[in-house]
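Rule-based calculations on the coordinates, nothing more; no lab input. The structure presented is a predicted model; accordingly, all values stated were derived computationally and were not measured. Quick reminder, even Gly has a Cβ in these numbers, built from the backbone with ideal geometry, and neighbours come from all protein chains shown.
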Amino acid sequence: MNDFLQACRNAIGASYVLTSEIDTAAYLTDQRGRFTGRALAVLRPGNTEEVADIVRLCQQYQTPIVPQGGNTGLVLGSVPDASGCAIVLSLTRLNRIRAIDALNNTMTVESGCILQHIQQAAAAAARLFPLSLAAEGSCTIGGNLSTNAGGTGVLRYGNTRELCLGLEVVTAQGDVMSSLRGLRKDNTGYDLRDLFIGAEGTLGIITAAVLKLYPQPKAQVTALVALDSPEQALALLSLAQSHCGAALTGFELMSALCLDLVVKHFPQQRLPFAQRHAQYVLLELSDNESEAHATGMFEALIVAALEQTLIVDAVVASSIAQSKALWQLRESISMAQAHEGKNIKHDISVPISRIAEFIRITDVLLQQAAPGCRMVTFGHLGDGNLHYNVSPPPGVADTTFIAQQSDINRVVHDSVDRFNGSISAEHGLGALKREEIQRYKSPVELQLMRTIKQALDPAGLMNPGKVI
């Protein structure tokens with residue numbers, strides 16, 4: 001391996017080949033601190049050509065590759081296993097915005113660009129890049145693409161896949177495939193782009209992408225409403241879509257315990273209601289006409305929802321600061337859960353029309369399996385994605401409760417399957433759900449996935465032990 005590492009130093013520079021424990025530690029532990037792997041080295045190439053050079057060396061020396069962006073993933077997809085045989089290929093130095101074409105509404109970026117920086121660059125060009133999620137200050141667009149990340153804007157703009165027009169990819173053989181043409185219509189055979197999006201680095205390494213931009217909305221209006229049940233939330237979603245159409249860009253469901261935990265662990269945050277309610281929905285409109293038009297549309301929606309007894313209270317943000325405060329409540333849920341202690345998380349999706357039924361039935365099943373467990377249920381109701389998390393009963397140590405994780409997962413995932421859903425909506429499979437997915441994918445689907453993997457990565461060096 002000394003020859004391999006020396007060849008890597010020659011290819012990208014000795015200072016970008018990290019081998020000491022102090023230099024590599026941050027790359028080896030997952031974001032939640034649940035697992036720490038080992039690696040032969042952490043390599044930090046600075047451009048696509050250097051990535052290709054490293055991949056060719058890994059093929060020559062039969063060294064596995066674990067691509068990594070911001071290492072914010074939640075399914076152990078971007079950290080190596082415990083064998084110490086793989087290299088971690090950090091792409092954070094590939095952080096240039098190569099071009100912005102405002103007329104074409106596209107931006108060409110390298111995979112190590114931080115999502116928030118892309119949003120800011122789009123805004124500076126009077127454009128919007130609508131992908132938004134809690135980790136946007138540290139996650140990279142390459143990681144977003146490799147997991148087909150969702151976020152809060154999927155209702156209107158779609159997942160990351162829908163926001164990408166082309167990719168530059170280093171294949172498992174070290175060749176460079178480029179489709180950075182920025183075309184919305186290109187009907188010339190197989191859509192190779194879509195093979196690599198959502199593949200979690202198991203088929204090739206994304207090094208750059210052409211992203212869709214949109215005109216900046218003239219106004220964004222946010223509201224938080226209180227209601228009694230998920231059934232009412234679904235009825236409100238239908239009403240909001242009929243009143244607001246494409247202007248409805250956010251529709252986030254949060255159970256009472258979600259915001260209880262936020263207020264408990266972040267006392268500087270306040271709920272804008274005098275009393276506690278069973279469920280909350282955070283709505284956002286993005287309007288291309290005017291703030292007055294957006295506010296009027298929102299007010300008409302709220303009045304109609306009150307008249308139909310779909311909601312019991314509502315507050316509409318009257319300033320940017322108030323809007324940010326409402327979103328902060330939503331975005332603080334995961335951190336509040338971490339402060340509360342360990343819990344069992346599920347990133348699932350079911351058909352939108354069946355979400356309320358799923359919650360009602362599965363909540364009962366979980367109470368039978370783990371009496372007194374507490375449900376921290378939140379997510380993107382408008383696209384069917386729920387973060388359906390289970391916290392220990394009061395007084396039960398989280399370590400004791402986590403010992404039931406396999407049984408809890410089976411209850412939830414079997415219920416998801418009965419509702420024709422997915423056990424991974426936006427976080428991917430990684431290593432965490434690699435075995436679990438075997439239970440729910442059909443044999444035909446699994447065989448087709450293996451066939452693609454074998455065709456594109458016959459040596460099995462690309463992010464081994466992940467996805468399949």
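Post the alpha-carbon centroid distance, region 56-130 to region 287-311, in whole angstrom.
Spelled out, the Cα-based centre of one part sits 39 Å from the other.
Using the Karplus curve 6.51 cos²θ - 1.76 cosθ + 1.60 with θ = phi - 60°, work out ³J(HN,Hα) for each residue of region 137-146 in order, rounded to whole Hz, and write x for Gly and Pro.
These are the phi-based 3J(HN,Hα) values: x, 9, 6, 10, 5, x, x, 4, 6, 5 Hz.
For every helix of n ≥ 4 consecutive DSSP H residues, a contribution of -39,500 (n - 2.57) applies; sum these over the chain, divide by its total residues, and give [θ] at 222 nm rounded to the nearest 500 deg cm²/dmol.
On the way: 16 runs with 168 residues, N = 468.
Calculated mean residue ellipticity at 222 nm is -10500 deg cm²/dmol.
Using the count of nearby Cβ atoms within 10 Å as a rough guide to exposure, how do Val66, Val221 rank from fewest to most?
Numbers: Val66 26, Val221 23.
Final ranking by Cβ density, sparse to dense: Val221, Val66.
So how do Met1, Met254, Met107, Met375 line up by other beta-carbon neighbours within 10 Å, fewest first? Could you put the intermediate results ahead of the total?
Numbers: Met1 11, Met254 23, Met107 26, Met375 18.
Lowest count first: Met1, Met375, Met254, Met107.
Round to a whole angstrom and tell me the spacing of the C-alpha centers of region 217-274 and region 193-210.
Taking the Cα centre of each part, region 217-274 and region 193-210 sit 34 Å apart.
What is the ratio of the Cα radius of gyration of region 219-334 to 2.2 N^0.38 Å, with N the residue count, to two decimals?
Numbers: Rg = 13.4 Å, N = 116, 2.2 N^0.38 = 13.4 Å.
Relative to the rule-of-thumb radius for its length, region 219-334 sits at 1.00.
Would you mind computing Rg(Cα) / (2.2 N^0.38 Å) for region 323-468, counting N as its residues?
Details: Rg = 17.1 Å, N = 146, 2.2 N^0.38 = 14.6 Å.
Region 323-468 yields a ratio of 1.17.
Sort Arg360, Arg156 so the one with the fewest other Cβ atoms within 10 Å of its own Cβ comes first.
On the way: Arg360 12, Arg156 20.
Fewest to most other Cβ atoms nearby, the residues stand as Arg360, Arg156.
Can you bin region 264-324 into rounded, prolate or oblate? Criterion: square roots of the alpha carbon gyration tensor eigenvalues sorted a ≥ b ≥ c, rounded for a/c under 1.5, prolate for a/b above b/c, oblate for the rest.
Working: a/c = 2.80, a/b = 1.27, b/c = 2.20.
It is oblate, given that a/c is not under 1.5 and a/b is not larger than b/c.
Provide the descending list of Cα extents for the chain along its principal axes, expressed in whole angstroms.
Projected onto the principal axes, the Cα atoms of the chain cover 72, 56, 45 Å.
Under 10 Å from the Cβ of Leu234, count the other residues' Cβ atoms, weight Lys and Arg +1, Asp and Glu -1, and hand me the total.
Details: positive: Arg354; negative: Glu231, Glu357.
Taking every Cβ under 10 Å from that of Leu234, the sum is -1.
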